[in-house]
Every structure is written in structure tokens, then in C-alpha cells.
Amino acid sequence: MRKLTYFIACSIDGFIGDPKGDATSMYRFVDAEFLAFLTGEYPETVATQGREQLGITAENQRFDTVVQGAGSYRVALDVGITSPYGHMREFVATRSLAESPHPNVELIADDLVGRVRELKAEDSPLDIWLCGGSVIAGELIEEIDELVIKTYPQVYGSGMPMFGAGFEPRDFELEDLRVFGNGAFVRRYSRKR
């Protein structure tokens, strides 16, 4: 069975964006050292246009499928990009879009959990990346097998939390920690079931 990995950027205090979801203040921490890490270990998480600009030709290392919410997808749509991760299968959880603006993007309007379970049951050596945002992470919290949290040295104070879900403790085990010279760090956790 394939894993669903929530690979996300956040502030020290656990916010993935401001109250509207904007996380552009975190971009300044993507320096040469951090970019080398991303392109070496998670090259598929760099959007297609970024891959082209950076000359990234690496094969997908961990994921062949990406699932994201309408808010995350809207960031690309607003600048005219209809398939931001064209090097993977793309799924967008949305009730606001009636039809997909790109043949590579499948819309999920109903039963997100059921569709993700189908994707997890597929026979593939690569896993599924849950790109964001908060609402679908909350809906899929019981399906998440792994967390990869890129934490940037900022405190937001308030904003969009990592999980838009009600209170219920869920246990994860730290598998790996990588610290960068700019103060950012990346933690990888596996789900304790």
C-alpha cells in the first residue's frame, strides 16, 4: 500500500500561511543549501515551471501523485498555470471548480477520503504527496502516513494551521531531522498506528 505524505512548509508556531493562506514570507529561506536538499531528495515537489527554470531533470524520487486543495491550486491558476505539477498525476479537491482546466488535473468534488484510499491501494513504487492545504489535511488526517515538515524560523502568531481539524491527539514518530544553516529545519515523522 502506498503512503500519503503531508509534505508542507510552516512557521515555528505551526502555521502554513497567513489567515488567507499566503506563505510568501517563507520563500526567502529557500537558499542554495535548502534548494539543493529539495532538488536532491524531493525534486518532484518543485513545480513544473520552477523545474524548467532551475534545469531540474531528476526523476521523481518519492511521489508520482499530488493531491491538493482548491486554495493551493488557486495560487497556480491565478497566474495562468493549469497544471502546476505536470510531471505527476494531479488531483484537486474542490467544490468550486465545475470542470478541470487541464487534462492532467482530476477534480475530486465528493468523497475525498474514498478517492485517496483508492490512490493508496494502487500498485506503484512511489507514494502520494498531500500538498495542502489546511482543510483537506484536516479531512485526510486519518489517512496520513507520514509528515515531512519544512519549518522556517518565523513566528506568525496566527494564520492558517497545518490541520483544519478538531482536537484529537494522534501520535507520530520522529524518523529524521535535518537542520540548515539559515535556521530552517526539516522533520520527517511516520504515523504510529
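Just so it is clear, none of the values below were taken in a lab; they were calculated from the coordinates. Source: prediction; values computed, not measured. Note: ideal-geometry Cβ built from the backbone for every residue, glycine included; neighbour counts use all protein chains shown.
From helices alone, the chain scores -6000 deg cm²/dmol at 222 nm; the rule is -39500 (n - 2.57) for each run of n ≥ 4 DSSP H residues, then divide by the residue total. Exposure proxy for Glu44, Glu106: other Cβ atoms within 10 Å of each Cβ, ordered fewest to most, give Glu106, Glu44. Within the chain, DSSP assigns beta bridges of which about 40% are antiparallel (rounded to the nearest 5).
Here the simple spin-label model places points 7 Å from the Cα toward Cβ, and for Asn182 and Ile12 these points are separated by 1.7 nm.
Approximating the spin labels as points 7 Å out from Cα along Cα→Cβ, the Glu142-to-Val155 distance works out to 3.6 nm. As a proxy for reagent exposure, ranking Val113, Val92 by other Cβ atoms within 10 Å from fewest up yields Val113, Val92. From least to most packed, judged by other beta carbons within 10 angstrom and beginning with the fewest, Tyr27, Tyr73 follow the order Tyr27, Tyr73.
Please compute the net charge surrounding His87, taking Lys and Arg as +1 and Asp and Glu as -1 over other residues with Cβ under 13 Å from its Cβ.
Once positives and negatives cancel, what remains is -2.
Sequence-distant contacts, meaning Cα pairs under 8 Å at least 6 residues apart, place the relative contact order of the range 53-193 at 21 percent.
With all pairs of separate Cα atoms included, the range 74-193 yields a Kirkwood hydrodynamic radius of 16.5 Å. Scoring 2-10, 125-133, 180-188 by mean Cβ neighbours within 10 Å over their residues and listing the highest first yields 125-133, 2-10, 180-188.
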